[in-house]
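See structure below.
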Amino acid sequence: MRTSEPRASLPGLARAALLLPVALAGMAFLACTRGRPSPERAEQVFRFRMHEDPPTLDPALSNDQFSEAVILNVHRGLVELDPETLEIRPAVADSWTISPDNRVYTFHLRDGVRFHNGRPVTSQDVAYSLRRLLKKETRSPRRFLLEPIEGAQEFTDGTSDAVRGLATPNDRTVVLRLARPFAPFLSELTMANAAVLPREVYDDPQKAYLRAPVGCGPFRFGRWEQSNFIELLAFDGYYGGRPALDRAVIRMIENKTSALQEYIAGGLDSLDETPDENDTAMMAKVGQEVHKYPFMGTGYIGFNLSLPPFKGNAALRKAFNYAVDKKYLWEVLIPGGNIPANGIIPPGIPGHDKDLPGYPHDEAKARSFLAQAGYPAGKGLPPVALWVNTGEGNRQIASQIQTDLKTIGVTIVIREVDWAAYIAAVSGTKDNAGQAQMFRFGWYLDYPDADAILRPLLHSSNWGPAGNFGRYKNPEFDALVDKALAVTDPKERAELYRRAETIAVMDDAVWIFLNYYQASTLYKPYVKGVVLSPLGEFRLPLERLRIERGTH
Amino acid sequence: MFVVCALLAPLLPASIGYDPYAQVAPRSVSPPTPPSRDNWLGTDTLGRDLLSRLVFGARISLEVGVLATAIALLIGTALGAAAGYAGGRTDAFLMRATDLVLAFPAPLLALAIIAAVPEPETTPLLRSLPHPSVGVVFLVLGCLGWASIARLVRAEFLRLREQDFAQAAQAMGAHGARVVLRHLLPNALRPLIVVATLGIGGNILMEAWLSFLGVGARPPLPSWGTMITEGQEYFLAKPWVCLAPGLAILLVVLGFNLLGDAISDRLDTRRRQRVA
């Protein structure tokens, strides 16, 4: 999943201007929650913060953490990924079988699963939802998840009216046949995009579902006040039992300082950002409520391999890598958040190689590679543009990299633009390499498999806007990643991924390998059942939370 | 004081051993570090000496303030003089153009124009300037700031044109340029000096505002506006990081405004007489 972390944010003045209305809205909000008549049992409400409105609530179109945070609580697919253990668990399907040749998946639907509108879920709904994701008109950025199903391409192209590999022998059974074995297929079905949707709602030409989604998950959709809040309500008919929470409120607060103040004031029960560790005054207030945990993601500076000066110059890319002091960056300058990276596959994912040498800070090596690249002491190298999206964190990272590279004689020009302009410059089009020579990017894995990072970001089939923004193409790397998909032995797969990673890191130095993410989130002590997911701070299984305040 | 700072800034690294770009905070302590004996104002978010950056930042502010005002003066005076002296259609045309420029919200227009030059470092002409990203700022501010000056000069010229000395010069057959340059302009100089002094303060403020929004001076340049943005996140915990540049802007703009007022008082003969 693409992330702008550290996230896109408004320019400074606008940010400052936001403080006041946020505070006012907060007060109004508190006033209104307090004003409600309390029944015998205190209402269980959980309020957490999101930076901005989710770009979409249509599962098929979702491609970011904010959208998924909502969708995964409103919807369910055939299977789900336990956000804590990362196991694939039954959801709408309560069991499934896989044929010995790893090509045929047969799902048996659970009894008693209902949509929020009360209608029981049938295998027809599953088939409808999967076809909807594949349909060309849906324009899903994640259509590729279902690509392994036999006949998927023909269906999307319109040359076939049905998906050959998708069958529903009866109301309770769904059979999916793959064109060839594809190891992460079940993982892909756990994603928000593969949610089971009621046809009567999602066939609406007016698209009312965009603002009032209907699913079969633990929460039904309440209200959405743009740029203010989204309210989710417990669904009494949830197959897993009614959640303990009565309501969950997602509040949009952009600015970190205002969000922290709001958390302290009691307007939020959880916050996905924590105070600067050096901020002793703030840490004294909330330090006890900080939860830190690693999660599956990697941050990097991408090189555009189609543009000079990086095109065909691995020595230059290695010089940049050695010049940047990742240890200082993550342990001193911006402490407490991230782990310096030695490569691509984050810890905890099969294939992560803790012995990969990577590029520890070494100025002498940086200088020698720079000379080898044809620019001794930086002579002859024009200023190189480093693109970042607006935000304090990004600015600080970019400035540090600028400073580090200056020491070996390289001039970096920082281009800080809003998220939309940034993405346009970085992704370009299939034929146009885009403008950005270097760009800061982060990637959270959608499921715990090395394929979920190596393929979208570096495989040549995703060249350009599809995710391989650096336009990396190495047939040897492609072949290893492809081969790993067809292999089912976990050890052998991990080994193939390690080899692929070594090529991209040590031979080709495709990025500046910056960090593996570590999340830190604030939770009030009265929030119980907290899940700290390696999938990111926005994987919040709200149905597991409950509020246990002392008597007051 | 401020001007002295700006002029002496290049000598700084040699004299006190600090370079505004060097990371001087110890590599083991997370910046910004608090004020200490070595770093009187502490260090910024990247561990660079705040005082050195502040002093260097004075150069950027002065550069923008003075150059933008100079450009505005040049354009404004030329157009105002032409309108005031020639009168008639020329006057009408130039004044409508001035109205047009005045009608635009200048800060927004400046923002838009500067945003449209995404890479001053590679733009011809700007590339040759010492600080390309600052160059765009003073060019744009200068080109947008002339309208009020043009009005002022025109008004002065309309008044002076009818006075005896100007009429006499014309009667003696002096040609237009001579009348304007030798007789009218010197007499219109007083209000211009006042406006220019105030304008420098205004432009410094504008530069800080643009840099604060991220479209002015680019990192690693130590513009005061950029420094405030960088320190913003630490406002509650380490307020000196953004208070220092903030105070600097306040003092300098205040200084220029007071200077402008003082000059205005000095030059105002009528008032002097009254006081006497």
Screening B:S133, B:S148 for residues that are hydroxyl-bearing (S, T, Y), assigned to a helix (DSSP H, G or I) and buried (at least 23 other Cβ atoms within 10 Å of the Cβ) leaves only B:S133
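Being among the small types (G, A, S), more than 13 Å from chain B (Cβ to nearest Cβ) and crowded, with 22+ Cβ neighbours inside 10 Å is the filter here, so list the residues in segment A:239-281 that pass it. Working first, answer last.
So the first thing to find is which residues in segment A:239-281 are among the small types (G, A, S), and the list is A:240-241, A:244, A:248, A:258-259, A:265-267, A:270, A:281.
Filter again for more than 13 Å from chain B (Cβ to nearest Cβ), leaving A:240-241, A:244, A:248, A:265-267, A:270.
Of everything in segment A:239-281, those that are among the small types (G, A, S), more than 13 Å from chain B (Cβ to nearest Cβ) and crowded, with 22+ Cβ neighbours inside 10 Å turn out to be A:A248, A:G267.
I need the full set of residues from segment A:297-330 which are among the hydroxyl-bearing types (S, T, Y) and more than 20 Å from A:T502 (Cα to Cα), in order please.
To start, the set of residues in segment A:297-330 that are among the hydroxyl-bearing types (S, T, Y) comprises A:298, A:300, A:306, A:322, A:328.
Scanning segment A:297-330 gives A:S306, A:Y328.
Under the condition of being among the aromatic types (F, W, Y) and within 14 Å of the chain's Cα centre (by Cα), which residue from segment A:425-458 is farthest from A:N193 (Cα to Cα)? I'd like the intermediate steps shown before the answer.
Taking segment A:425-458 first, the residues among the aromatic types (F, W, Y) are A:439, A:441, A:443-444, A:447.
Right, trim to within 14 Å of the chain's Cα centre (by Cα) and you get A:441, A:443-444, A:447.
On the way: A:F441: 23, A:W443: 18, A:Y444: 16, A:Y447: 13 Å.
Across segment A:425-458, the extreme among qualifying residues is A:F441.
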Among residues of segment A:384-399 being in a helix (DSSP H, G or I) and farther than 15 Å from B:T226 by Cβ, the residue nearest to the other protein chains (Cβ to nearest Cβ) is A:G393
Scanning segment A:290-330 for residues that are surrounded by fewer than 17 Cβ atoms within 10 Å (Cβ to Cβ), of a type in the set (D, E, K, R) and within 25 Å of the chain's Cα centre (by Cα), the one farthest from A:A385 (Cα to Cα) turns out to be A:K292
Note on segment B:216-265: residues without any contact (Cβ under 8 Å) to a residue 24 or more places away in the chain, touching a Pro at 6+ places or on another chain (Cβ under 9 Å), assigned to a helix (DSSP H, G or I) and within 15 Å of B:G42 (Cα to Cα) are B:I228
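Matching residues to (1) touching an Asp or Glu at 6+ places or on another chain (Cβ under 9 Å); (2) at pLDDT 90 or above; (3) within 30 Å of A:N117 (Cα to Cα):
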site: A:A234; (1), (2), (3): yes, yes, yes
site: A:Y238; (1), (2), (3): yes, yes, yes
site: A:A248; (1), (2), (3): yes, yes, yes
site: A:S258; (1), (2), (3): no, no, no
site: A:V286; (1), (2), (3): no, yes, no
site: A:P294; (1), (2), (3): no, no, no
site: A:K318; (1), (2), (3): no, yes, no
Within segment A:114-144, the residues that are of a type in the set (F, W, Y) and either surrounded by 22 or more Cβ atoms within 10 Å (Cβ to Cβ) or in contact (Cβ under 8 Å) with a residue 40 or more places away in the chain (or both) are A:F115, A:Y128
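Using the structure shown, decide if A:M282 is of a type outside the set (V, I, T) and closer than 22 Å to A:E254 by Cβ. Write out each step before concluding.
Numbers: of a type outside the set (V, I, T): yes; closer than 22 Å to A:E254 by Cβ: yes.
Yes: the conditions hold for A:M282.
From B:E162, B:E121, which residue is charged (D, E, K, R) and touching a Pro at 6+ places or on another chain (Cβ under 7 Å)? Show your work before the answer.
Values: B:E162 fails: touching a Pro at 6+ places or on another chain (Cβ under 7 Å).
Just one listed residue meets the conditions, B:E121.
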Of the candidates A:E492, A:E476, A:E501, A:E548, the one satisfying the condition of being surrounded by 19 or more Cβ atoms within 10 Å (Cβ to Cβ) and acidic (D, E) is A:E501
Note: among A:G336, A:G348, just one is surrounded by fewer than 19 Cβ atoms within 10 Å (Cβ to Cβ), within 14 Å of chain B (Cβ to nearest Cβ) and touching a residue at least 40 places away in the same chain (Cβ under 8 Å), namely A:G336
Just one listed residue, out of B:L102, B:L46, B:L41, B:L74, is more than 14 Å from every other protein chain (Cβ to nearest Cβ) and modelled with pLDDT under 85, and it is B:L41
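Given the criteria more than 22 Å from A:Y293 (Cβ to Cβ), modelled with pLDDT under 95 and more than 13 Å from every other protein chain (Cβ to nearest Cβ), does A:G378 qualify?
Numbers: more than 22 Å from A:Y293 (Cβ to Cβ): yes; modelled with pLDDT under 95: yes; more than 13 Å from every other protein chain (Cβ to nearest Cβ): yes.
It is true that A:G378 is more than 22 Å from A:Y293 (Cβ to Cβ), modelled with pLDDT under 95 and more than 13 Å from every other protein chain (Cβ to nearest Cβ).
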Margin query: Tell me yes or no: at least one residue of segment B:177-196 is assigned to a helix (DSSP H, G or I), closer than 19 Å to B:G65 by Cβ and within 14 Å of another protein chain (Cβ to nearest Cβ).
Written below: no
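The values are calculated or read from the model by the stated rules, or taken from the named source; none is laboratory data. Source: prediction; values computed, not measured. No Cβ is skipped: glycine too gets one built from the backbone with ideal geometry, and neighbour counts run over all protein chains shown.
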